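Asker: Just passing along the structure, written as structure tokens.
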Amino acid sequence: MKGIDAYYAAIQSLQQQVIESQRPVLEAVSQSMADTISADKRLFLFGTGHSHMMVEEGFYRAGGLACVVPVFSGALMLHDNARLSGFLERSSGMAPILLEPLNPQPGEMIFVYSNSGVNHLPVEMALFAAKIGLKVVAVCSKNYARVAPLSSLGKRLFEVADFELDNGGFPGDALIPVTGTPWKVSPSSTVINAMLWNCLVTETVFILQERGIPLPIIASLNMAGAAEHNQAVLDKWRKVNPYL
């Protein structure tokens, strides 16, 4: 089988498995998201390293939600210093420093992404967020988390969350074995995590529409009428979203 076909087949199979095995929790998370938005409260997103891409995926993009607040830190991304990012996601004490300036309120939600599910900072973020009254959604690979060494916190991300979403990935994230070597290539977490998020966004919007709640949808500025639509949406949400 060619590489293109190998990855395409594997990721398709994993997508179906992840969705079909987690419909109840996806529906529960969507209901909680809709309840949060209906109360004019926010959805925070946090991830380190490559998981940071999920924060970008959810924030200020066409078809996304204006109530999403990213928990950003350039030091935790990869574009400045990848080794520093890896060091910091395994360090303690940063969660309050990152989250408190955004003035999180009880009843809001935070999605914490960590594929291994064990790095110190994502687990610390989940624990701190829960302590101050946020509902926590953990997104990780349970298979990976069960074999990866725990941090000094002694907890896995999915063990300290209100909701657990499993992206179904293999330990190490890479999906396709390379013949004649002990290695695999081509990770699955980014594709699956983005699918999970956008399934949740779509279900949440459908629920809000049924309730008659104004939809916090951001439209592409390249579409007719989008500028006026976005202005009304952003006028409301930028009061509580400092990144808008």
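Asker: Between residues in the range 48-59 that are under 17 Å from C199 (Cβ atoms) and aliphatic (A, V, I, L, M) and residues that are modelled with pLDDT of 85 or more and crowded, with 24+ Cβ neighbours inside 10 Å, which pairs lie under 7 Å by C-beta distance while being six or more apart or on different chains?
Answerer: As it stands, the answer is M54/L45; M54/G47; M54/Y113; M54/N193, since those pairs meet every condition given.
Asker: Using the structure shown, decide if F170 is among the aromatic types (F, W, Y), under 16 Å from Q17 (Cβ atoms) and touching a residue at least 24 places away in the same chain (Cβ under 8 Å).
Answerer: Against the criterion (among the aromatic types (F, W, Y), under 16 Å from Q17 (Cβ atoms) and touching a residue at least 24 places away in the same chain (Cβ under 8 Å)), F170 qualifies.
Asker: Moving to a separate point now. Report every pair of residues separated by at least 6 positions or lying on different chains whose Cβ atoms are under 9 Å apart, first residue within the range 27-46 and under 14 Å from Q105 (Cα atoms), second part of a helix (DSSP H, G or I) and among the basic types (K, R).
Answerer: Sorted first by the residue in the range 27-46, then by its partner, the pairs are D40/K236.
Asker: On to the next question. From the list N241, N222, which one is polar (S, T, N, Q), closer than 21 Å to T36 by Cβ and assigned to a loop (DSSP other than H, G, I, E, B)?
Answerer: Going through N241, N222 in turn, the sole match is N241.
Asker: Give all pairs with beta carbons closer than 6 Å in which a residue from the range 98-114 that is farther than 16 Å from Y243 by Cβ meets a residue that is surrounded by fewer than 13 Cβ atoms within 10 Å (Cβ to Cβ); count only pairs at least 6 apart in sequence or on separate chains.
Answerer: P106/G133
Asker: Could you check how many residues of the range 146-194 are of a type in the set (A, V, I, L, M, F, W, C) and either under 16 Å from the mean Cα position of the chain (by Cα) or within 28 Å of E27 (Cβ to Cβ) (or both)?
Answerer: Going through the range 146-194 one residue at a time, the tally reaches 11.
Asker: All but one of (1) hydrophobic (A, V, I, L, M, F, W, C); (2) in contact with a helix residue (DSSP H, G or I) (Cβ under 8 Å, 6 or more places away or on another chain); (3) under 15 Å from A6 (Cβ atoms) hold for A194; which doesn't?
Answerer: Against the list (1) hydrophobic (A, V, I, L, M, F, W, C); (2) in contact with a helix residue (DSSP H, G or I) (Cβ under 8 Å, 6 or more places away or on another chain); (3) under 15 Å from A6 (Cβ atoms), A194 comes up short only on (3).
Asker: Looking at the range 176-190, which of its residues are over 18 Å from G49 (Cβ atoms) and touching a Ser or Thr at 6+ places or on another chain (Cβ under 9 Å)?
Answerer: Residue satisfying the conditions is I176 alone.
Asker: Any residue in the range 79-90 that is of a type in the set (G, A, S) and either in contact with a strand residue (DSSP E or B) (Cβ under 9 Å, 6 or more places away or on another chain) or not in a helix (DSSP H, G or I) (or both)?
Answerer: no
Asker: Quick one: is P122 modelled with pLDDT under 95 and in a helix (DSSP H, G or I)?
Answerer: In short, yes.
Asker: Let me spell it out: the conditions are (1) exposed (fewer than 13 other Cβ atoms within 10 Å of the Cβ); (2) without any contact (Cβ under 8 Å) to a residue 60 or more places away in the chain; (3) charged (D, E, K, R), and R211 meets all of them except one. Which number is the exception?
Answerer: Exception for R211: condition (2).
Asker: Now for a separate question. Exactly one of these conditions fails for P216: (1) closer than 30 Å to R238 by Cα; (2) out of contact with any Leu (no Cβ under 6 Å at 6 or more places or on another chain); (3) surrounded by 18 or more Cβ atoms within 10 Å (Cβ to Cβ). Give me its number.
Answerer: Result: P216 passes all but (2).
Asker: As an exercise: evaluate S188 against (1) modelled with pLDDT under 95; (2) of a type in the set (S, T, N, Q); (3) in contact with an Asp or Glu (Cβ under 8 Å, 6 or more places away or on another chain) and give the number of the one condition it does not meet.
Answerer: Only one criterion is unmet by S188, namely (1).
Asker: State which residue is modelled with the lowest pLDDT when the search covers only the range 1-51 and only residues that are among the basic types (K, R) and surrounded by fewer than 17 Cβ atoms within 10 Å (Cβ to Cβ).
Answerer: Ranking the candidates gives K2 first.
Asker: Give the residue, chosen from S91, S189, that is closer than 26 Å to Q17 by Cα and among the small types (G, A, S).
Answerer: Only one candidate qualifies: S189.
Asker: Oh, and also: Only residues that are among the acidic types (D, E) and closer than 15 Å to L165 by Cα: list them for the range 7-50, please.
Answerer: The answer is E20, E27.
Asker: Exactly one of these conditions fails for L200: (1) part of a helix (DSSP H, G or I); (2) in contact with a helix residue (DSSP H, G or I) (Cβ under 7 Å, 6 or more places away or on another chain); (3) at pLDDT below 95; (4) not acidic (D, E). Give me its number.
Answerer: Among (1) part of a helix (DSSP H, G or I); (2) in contact with a helix residue (DSSP H, G or I) (Cβ under 7 Å, 6 or more places away or on another chain); (3) at pLDDT below 95; (4) not acidic (D, E), L200 violates only (3).
The values are calculated or read from the model by the stated rules, or taken from the named source; none is laboratory data. Just so you know, these numbers come straight off a predicted model, no measurement behind them. All Cβ positions, glycine included, derive from the backbone under ideal geometry; neighbour counts span all protein chains shown.
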